[in-house]
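Bear in mind these aren't lab numbers, they're just calculated from the coordinates by the rules spelled out. Owing to the predicted nature of the structure, the values given are computational and were not obtained by experimental measurement. Every residue, glycine among them, receives a Cβ derived from its backbone with ideal geometry; neighbour counts consider all protein chains shown.
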Amino acid sequence: MQDPRHLRRIILRKLYSHLRKRYCISVSMTPPLEGQQSLHYVDALLAFKTDDQLDRLRGALGRLEEGVFGFCLKCQKEIDEEHLEADPTRQICEQCELVSSHRVARFHDVPISE
């Protein structure tokens, strides 16, 4: 299992980047990384702000608090850290994603009979 503090940094880094790009809010990574205070700090920053990416990042923080962040929803295996670094909102491992996309591709290749 990966270090929860490291996982929190992954999520917060993306969250703060999104806040900077979308809302022109610049936040230092140093103070709010640890503990309950950081959640209150993040909540205050996010008050009255919503968009799809923020909702997904909030969900990632919630999954981290529940202890299920970084695990695939389908197979419950740990998702590779490099995939979480690229997208901390990811909830499906690479293998399950490949199987799922293969099924969708096969479904679309089936001719519809009349």
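The table below lists the values:
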| read-out | value |
| --- | --- |
| Simple spin-label estimate for Ile92 and Arg22 in nanometres, 7 Å along Cα-Cβ | 2.2 nm |
| Cβ-Cβ FRET estimate between Arg103 and Glu82, R0 fixed at 25 Å, reported to 0.05 | 0.50 |
| Sites Gln53 and Met29 - FRET efficiency at Förster radius 22 Å, r taken between beta-carbons, to 0.05 | 0.75 |
